[in-house]
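Below you'll find the structure, written out as structure tokens, and then a few comments.
The values are calculated or read from the model by the stated rules, or taken from the named source; none is laboratory data. Everything numeric here is computed off the predicted structure, so don't read it as measured data. So basically every Cβ, Gly included, is an ideal-geometry build from the backbone, and we count neighbours across all protein chains shown.
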Amino acid sequence: MSTIEITAEDQVFVLTGAGISAESGLPTFRAADGLWEGHRIEDVCTPEAWDRNAELVWQFYSARREAAEKAQPNPGHLALAKLESELGERYLLCTQNVDNLHEKAGSRRLVHMHGELFTSRCSEECGEPPQTDHALYPTLANVARCACGALLRPHIVWFGETPLEMDWITVEIRRSTLMLVVGTSGSVYPAANFVHWARQGGARTVYVGPEAPLNASAFTHVVTGKAGEVLPGLLSVS
Ligand code: APR
């Protein structure tokens, strides 16, 4: 596909998923074997998993922290940061990713709807705000505690929990005229519905990834390719 023109009237909403970080060496979730780095998702990414074995959950997220700390943004992340610098308030980036590669690339108008890897919060929801936390926790005895005494848990939206900032996201999708979705399989809701909400408002909807997502039919354009190869030349701001 040739370039997509962004005009002075456009309001752009971008949704990214695990695929945009794949070229930075961070694995996506739904590999063919159904495991994420050797774990079943229900053993490490649910409130029930936390209740059953908080130590395993922290070992898993400690390994994710270690990998993300070393990873560097790729040309896909950088292209989106450049787009933000050109569009300012006419742009919002919503990511399902918990890594911080968009920030490392320079993105600032950014919402992490599934939480953030380098933030922890009280596991008892005592009201203390989430806190920045880069520590690794190999055993439960190492895990830092909230001011109230409860264990800290990862500030991650697990399966069965409500995504963050949905009111803001909904408003931004409603006013968008162009939705760009990158590297997500279209299998997790509500994110998989965003494209439908954008279409209802009449927006152009573009998907970028090496294979068509499950919700491909809702896109006006599907661009097949890797984010780091496609994004740098895809968009032109006039
Ligand atoms: N560039 C763009 N897309 C890519 C690339 C790449 N280089 N490599 C892989 N992809 C695509 C795959 O084709 C796939 O469609 O990225 C997608 C990754 O899909 P998933 O692993 O399902 O990840 P995602 O859609 O982000 O998962 C959504 O599920 O596990 C939960 O909360 C977690 O945020 C996550 C959510």
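Tabulated data
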| item | result |
| --- | --- |
| Residue 103 among the charged types (D, E, K, R), part of a helix (DSSP H, G or I) and within 20 Å of the chain's Cα centre (by Cα) | yes |
| Test set (1) closer than 16 Å to residue 29 by Cα; (2) away from the ligand (no atom under 11 Å from the Cβ) - residue 193 fails condition number | (1) |
| Subset of segment 16-47 [assigned to a helix (DSSP H, G or I) and either in contact (Cβ under 8 Å) with a residue 40 or more places away in the chain or within 18 Å of the chain's Cα centre (by Cα) (or both)] | 19, 20, 21, 22, 41, 42, 44, 47 |
| Filter result (free of Cβ contacts under 8 Å to residues at least 12 places away in the same chain and under 23 Å from residue 236 (Cα atoms)) within segment 166-201 | none |
| Among the candidates 94, 126, residue that is under 15 Å from residue 168 (Cβ atoms), out of contact with any Phe, Trp or Tyr (no Cβ under 6 Å at 6 or more places or on another chain) and either part of a loop (DSSP other than H, G, I, E, B) or within 16 Å of the ligand (Cβ to nearest atom) (or both) | 94 |
| Single condition residue 20 does not satisfy, out of (1) assigned by TED's automatic domain parsing to the domain that holds residue 135; (2) β-branched (Val, Ile, Thr); (3) within 13 Å of the ligand (Cβ to nearest atom) | (1) |
| Verdict on residue 8 being free of Cβ contacts under 8 Å to residues at least 60 places away in the same chain and either outside any loop (DSSP other than H, G, I, E, B) or away from the ligand (no atom under 15 Å from the Cβ) (or both) | no |
| The listed residue being of a type outside the set (Phe, Trp, Tyr), away from the ligand (no atom under 12 Å from the Cβ) and within 29 Å of residue 220 (Cα to Cα), out of 145, 108, 121 | 108 |
| Test result for residue 83, assigned by TED's automatic domain parsing to the domain that holds residue 237, assigned to a helix (DSSP H, G or I), surrounded by fewer than 22 Cβ atoms within 10 Å (Cβ to Cβ) and in contact with a strand residue (DSSP E or B) (Cβ under 8 Å, 6 or more places away or on another chain) | yes |
